[in-house]
Each structure stands twice: as C-alpha cells, then as structure tokens.
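Colleague: Shown below is the structure under consideration.
The values are calculated or read from the model by the stated rules, or taken from the named source; none is laboratory data. Since the structure is predicted, the reported quantities are computational estimates derived from the model, not experimental observations. Virtual Cβ from ideal backbone geometry, glycine too; neighbours counted across all protein chains shown.
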C-alpha cells in the first residue's frame, strides 16, 4: 500500500464504523435510548409510542387496534383510494379479487333461523350431490346451524375449508318433508365477475361485468366467444355500478376492441415516469359496433375501458357521467398478514386527460357524488354537467371530450323518477328477492314444468302475485313509509318480480334478459343501433324503385 494514503485510514475506518452503527440502529439491533446517531424520525416515534403503551400504560390495551386506527388515519390524509386491509379481511378481499374460493357452492338466506338454499352453483360440489333450492342445511359435521340467527360470515366460514376435504351435512327438504345426510367434498367455487350474457337481438350480444378480478378477462372471452357462436356481430358491454379492479385486466379487455398499436392509457408517477399501454393484434372484436354502458357508480377500470374506446373513436359510450377515479393503487404487504393499497400513480386516457375528480375537501365530500349530482340536475340532464374549457381534449376524429371528473357519455340517458328509482332500490337491496324466495318456498311446485326459455318467453306475473307483493310491502314499516304508488309502477314491479323468479329458478342470464326489457339504457342502445336497420330498409326500397 502506498504510504502517502496512510493518513486517510483513520478517517475511512471511522466512517465505516459510523455507517455500521447507523445501519444497525435502523435494523433494530439492540436499540438503546442513547443512540450515537439518532434521526428523530417519524417512524421511530411511532414505534416507541406503541412500545410505551404496550409495556408501560396503566391498563391493558389492544395495541393492534391502535395500529389499525393509526394506519387508517395516515391513509385518510392521502387520498380516498389509499386503504388499509386488516389481516382479518385479507382472505375475503383476496378471494374476491382472485375470482374463486373453496366451499360447497350454495347461495343461501338465513331464513328465520335456518340456512335456506336459494340455488346451487351450477356444476358445483352441492349441485353434484343433489342439493336443491329450498333445502335447509341444519348441521355441518357436528356444528348445529339452526335455531339461532348466525351471522353470514360465521356460516360461510363453517362451510368453507381446504379443497378436497369433506363436510357432512344434515338437510331438510321441505318439498318432500324428509331429512337426509350427504357428504360433500369441498371444491373451488367461482365468484363470477361476468354476471350475465345473452343475445339482445339477432346480432347484438350483451355482457354484464360487475368488477375486474383475476378471472374476469377469461370469463369475458368465454362469454364473447359463446355470443359470437350465436351470431353476435355487435356488443353491449354493461359496466354500470362496476367499481373497478385490476388495471391489467381492463387493458386486456380494451385490447379486444382496439387495433394493434392504439394507445389504451398511460400512467405517471411522482417522479414523472410515464408507462404506456398499447393494444396488440390479439383483439377479437375490432371494427365491430360496441356500446359501453356506464353510470355514476362506474369507476376506475370501467372508466379506463370507456375512456380508451371514446378517445380512439371506437364504439359509443351510453349512460351517465362515470364516478371519476383516475388513481392507480398497488397492494403492499405489511408483514403481519395485513396490507395497504397505496396510490402510486395517476392514469390518463389516450388523449391525455385525467378523469380524477377532486378530493381536496376530504373523503366525506368525495363520496357525496350521487347526492351532489342529483341536486345539480346532472342525473336528469346532460346540460347540467359542469365542464371546464381548460380540460377540453379532442379525439383523432375531432370529437370533443373532457377531463376532470369522470367520463361523459356520447349518448346520455337520464335517471328514472323517484318512484322508479325506489323500486330499483328495493330490488338492489334484496327486498324483492327475499319476497320471491318466500313465495317459491310455498309455491315451488307450480313452476316445475317450465323450462328456462319457456319461462322467459311466456310467463306473466298475474294480478294475484302482484297484489300479494303489495301486501308484503305494506307489512314492512320501512317500505310502507315510502308510500309507493304501486299501481302506477305495476309494469316495472311485475318485470322485477319475474326477473327475480327467473334468477332463483334458473340463472343470472335469464334474470338479466328479463330485466333488460324495461331497461332505459338498453332501449337507448337499440334506438342508437336502429338507424343501421333503417338504412338497410331504405337501401332495399331504393334498390326496388
């Protein structure tokens, strides 16, 4: 070693020791109150405070709950979409986003004090073992499940388990007045995100997607393939009330409609890094008419698809202005089974617009969207939607679009009147479905000769059932207070009753098809698509003349 550098060694060694001590302190090796190097960091403060409460506070305190509250308070100061997922909720959240769980495959009500099967999952474990709608599940192995109103999550946890394990059920079948036991092997049960699909017209398919989970794209592709076999050359993609999900799944779905090389979206993080997502040559529904349905509860991934198609002048966006979520989250584990979904970037549509609405007034104000939009009149008139010229963008074909709080549709459809929306609410909260379950529980045999197609095409809700439903509503103090004009809403109520009957007797597809008959947005799609038919008729007349 050259002697002229010898004088540097004490400084180098001293620096190395200092760095070692500093790193050791950060890694919590034998931390002491008198550190040689103290950063007085916020992280150290929080750690010390939790330790003091844990070891010194006069009463026993659940410090885990304190940590949960602290984490939530921190995230609430950031933005409305950075959220904490406690360990106890992680499994359910993961299953929901994965798109399946391990169980026995039944939909049920806790009817009075007993688990009552609404319907079994098609080809699921219970279906294969002969469990039917209306059956009561009384005992699972040695656990008695009747005689007390158990919470749904408690019941679900007792019926779930590891794949391949068996559960012995004691069942009462009311229609045959008999008890029996059955061993059911638990299996993978899908949580469908493609809620329904069917043919609206001879050449128009319909697909309803309720979220963007891991399984969504494959479900969507399967539905689209089936519809194309049935003759679909056009598509209505229903993203109403869809809160979003995985960004990558939305990109794949948008790719189905966009030509190779078209920009789907781009994201930008705090450092200014931009990542762009482009369509590939894999799209199977390019150059075909597509209508995308959105409303004030369509958010995130739903808005990515609507924005990508609108900005590329593909298809027609139908409905009302979407929610306005333009932030991207990444899930990060916290080491104890919990996780945080932290906003890491913003996304922008192909024209460069951000559709994120402001959250400067806090989370409570942010989620008041529906109420605010109702009072400003924008749910009933497109002219009431406030736009800013500074957020005006233009698509390649010259269509003007706006950023700053959701996707404004190309074709506006107003919300229904108060009473119509009240009936929709009764349906969405399960009130109508619960009535139908009770009705079927007493009268299931009268529907036994219907096939699914016969029911959809021919069944009519008669006045006896309609009047019985009115009486059922009047027995509920909450519904009675609404003072519904039942006879003014007779057609809509009968339609919803028929749809709910079809769902419990047959499938979600039959439910969606029946409900679609009275759906203002779907009727608007048919109106928009009608000029094509009229043009064909005009061309034919001209050719004849």
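Colleague: With respect to residue 533, is the statement that it is at pLDDT below 95 and either closer than 25 Å to residue 293 by Cα or outside the structural domain of residue 134 (by TED's automatic domain parsing) (or both) true? Quick ask: steps written out before the conclusion?
Modeller: Details: at pLDDT below 95: yes; either closer than 25 Å to residue 293 by Cα or outside the structural domain of residue 134 (by TED's automatic domain parsing) (or both): yes.
Spelling it out, residue 533 is indeed at pLDDT below 95 and either closer than 25 Å to residue 293 by Cα or outside the structural domain of residue 134 (by TED's automatic domain parsing) (or both).
Colleague: Every residue in the stretch 77-96 that is surrounded by 19 or more Cβ atoms within 10 Å (Cβ to Cβ) and either free of Cβ contacts under 8 Å to residues at least 24 places away in the same chain or out of contact with any helix residue (DSSP H, G or I) (no Cβ under 7 Å at 6 or more places or on another chain) (or both), please.
Modeller: Once the filter is applied, which keeps residues that are surrounded by 19 or more Cβ atoms within 10 Å (Cβ to Cβ) and either free of Cβ contacts under 8 Å to residues at least 24 places away in the same chain or out of contact with any helix residue (DSSP H, G or I) (no Cβ under 7 Å at 6 or more places or on another chain) (or both), the stretch 77-96 yields only 81.
Colleague: Pairs needed: first member in the stretch 463-479, more than 13 Å from residue 431 (Cα to Cα); second member anywhere, in a helix (DSSP H, G or I); C-beta distance under 7 Å; at least 6 residues apart or different chains.
Modeller: Within 7 Å, the pairs are 465/497; 466/490; 466/493; 466/494.
Colleague: Can you work out which of the residues in the stretch 352-367 that are surrounded by 19 or more Cβ atoms within 10 Å (Cβ to Cβ) and touching a strand residue (DSSP E or B) at 6+ places or on another chain (Cβ under 8 Å) is nearest to residue 82 (Cα to Cα)?
Modeller: Selected residue: 356.
Colleague: Something else about it: For the structure I just gave you, tell me whether residue 407 is touching a helix residue (DSSP H, G or I) at 6+ places or on another chain (Cβ under 7 Å) and buried (at least 16 other Cβ atoms within 10 Å of the Cβ). Reasoning before the result, please.
Modeller: Details: touching a helix residue (DSSP H, G or I) at 6+ places or on another chain (Cβ under 7 Å): yes; buried (at least 16 other Cβ atoms within 10 Å of the Cβ): yes.
Spelling it out, residue 407 is indeed touching a helix residue (DSSP H, G or I) at 6+ places or on another chain (Cβ under 7 Å) and buried (at least 16 other Cβ atoms within 10 Å of the Cβ).
Colleague: So residue 169 ticks every box in (1) farther than 26 Å from residue 430 by Cα; (2) surrounded by 14 or more Cβ atoms within 10 Å (Cβ to Cβ); (3) in contact with a helix residue (DSSP H, G or I) (Cβ under 7 Å, 6 or more places away or on another chain) but one. Which box is left unticked?
Modeller: (3)
Colleague: What are the residues in the stretch 447-474 that are within 23 Å of residue 136 (Cβ to Cβ) and loosely packed, with under 10 Cβ neighbours inside 10 Å, if any?
Modeller: 448
Colleague: Here is a follow-up. Identify all residues within the stretch 133-149 that are assigned to a loop (DSSP other than H, G, I, E, B) and touching a strand residue (DSSP E or B) at 6+ places or on another chain (Cβ under 7 Å); write none if there are none.
Modeller: Hits for the stretch 133-149 are 133, 134, 135, 141, 145, 146, 149.
Colleague: While we're looking at this one, here's another question. With the checklist (1) over 18 Å from residue 283 (Cβ atoms); (2) in a strand (DSSP E or B) in hand, flag the one item residue 236 doesn't pass.
Modeller: Condition not satisfied by residue 236: (1).
Colleague: Taking residue 507 as meeting all but one of (1) at pLDDT 95 or above; (2) closer than 28 Å to residue 124 by Cα; (3) touching a strand residue (DSSP E or B) at 6+ places or on another chain (Cβ under 9 Å), write down the number of the exception.
Modeller: It fails just one condition, (1).
Colleague: Of the residues that sit in the stretch 91-126 and are touching a strand residue (DSSP E or B) at 6+ places or on another chain (Cβ under 6 Å) and part of a helix (DSSP H, G or I), which one is modelled with the lowest pLDDT?
Modeller: 95
Colleague: Say whether the condition of being crowded, with 23+ Cβ neighbours inside 10 Å and within 30 Å of residue 373 (Cα to Cα) is met by at least one residue in the stretch 259-270.
Modeller: yes
Colleague: Only one of (1) in contact with a helix residue (DSSP H, G or I) (Cβ under 9 Å, 6 or more places away or on another chain); (2) more than 30 Å from residue 522 (Cα to Cα) fails for residue 319. Which number is that?
Modeller: (2)
Colleague: If you don't mind, there's one more thing I want to ask. Select, from 450, 472, the only residue that is outside any helix (DSSP H, G or I) and at pLDDT 95 or above.
Modeller: On the way: 472 fails: outside any helix (DSSP H, G or I).
Just one listed residue meets the conditions, 450.
Colleague: Still on this structure: Determine, yes or no, whether residue 239 is modelled with pLDDT of 95 or more and within 22 Å of residue 319 (Cβ to Cβ).
Modeller: On the way: modelled with pLDDT of 95 or more: yes; within 22 Å of residue 319 (Cβ to Cβ): yes.
Judged against the criteria, residue 239 is a match.
Colleague: Here's a follow-up. Criterion first (in contact with a helix residue (DSSP H, G or I) (Cβ under 6 Å, 6 or more places away or on another chain) and at pLDDT below 95) does residue 338 satisfy it? Don't jump to the end; show me each part of the working.
Modeller: Numbers: in contact with a helix residue (DSSP H, G or I) (Cβ under 6 Å, 6 or more places away or on another chain): yes; at pLDDT below 95: yes.
Spelling it out, residue 338 is indeed in contact with a helix residue (DSSP H, G or I) (Cβ under 6 Å, 6 or more places away or on another chain) and at pLDDT below 95.
Colleague: Quick one: which strands (runs of 3 or more DSSP E) lie wholly within the stretch 273-332 and hold at least 2 residues that are within 16 Å of the chain's Cα centre (by Cα)? Give the steps one after another, and end with the answer.
Modeller: Details: elements: 274-278, 290-294, 316-319.
Hits in the stretch 273-332: 290-294.
Colleague: Let me ask something else about it. Here are some conditions: (1) touching a strand residue (DSSP E or B) at 6+ places or on another chain (Cβ under 7 Å); (2) crowded, with 19+ Cβ neighbours inside 10 Å; (3) modelled with pLDDT of 95 or more. Residue 298 meets all but one. Which one does it not meet?
Modeller: Of the numbered conditions (1) touching a strand residue (DSSP E or B) at 6+ places or on another chain (Cβ under 7 Å); (2) crowded, with 19+ Cβ neighbours inside 10 Å; (3) modelled with pLDDT of 95 or more, the odd one out for residue 298 is (1).
Colleague: Before we move on, is residue 520 surrounded by fewer than 21 Cβ atoms within 10 Å (Cβ to Cβ), closer than 23 Å to residue 237 by Cβ, touching a residue at least 24 places away in the same chain (Cβ under 8 Å) and not assigned by TED's automatic domain parsing to the domain that holds residue 121? First the steps, then the outcome.
Modeller: Numbers: surrounded by fewer than 21 Cβ atoms within 10 Å (Cβ to Cβ): yes; closer than 23 Å to residue 237 by Cβ: yes; touching a residue at least 24 places away in the same chain (Cβ under 8 Å): yes; not assigned by TED's automatic domain parsing to the domain that holds residue 121: yes.
Yes; evaluated as a whole, the condition is true for this residue.
Colleague: Can I ask one more? Let me confirm something: among 267, 225, 201, which residue is modelled with pLDDT of 95 or more and part of a strand (DSSP E or B)?
Modeller: Values: 225 fails: part of a strand (DSSP E or B); 201 fails: part of a strand (DSSP E or B).
Unique residue meeting the criteria: 267.
Colleague: Return yes or no: is residue 346 part of a strand (DSSP E or B), at pLDDT below 95 and surrounded by fewer than 22 Cβ atoms within 10 Å (Cβ to Cβ)?
Modeller: No: the conditions fail for residue 346.
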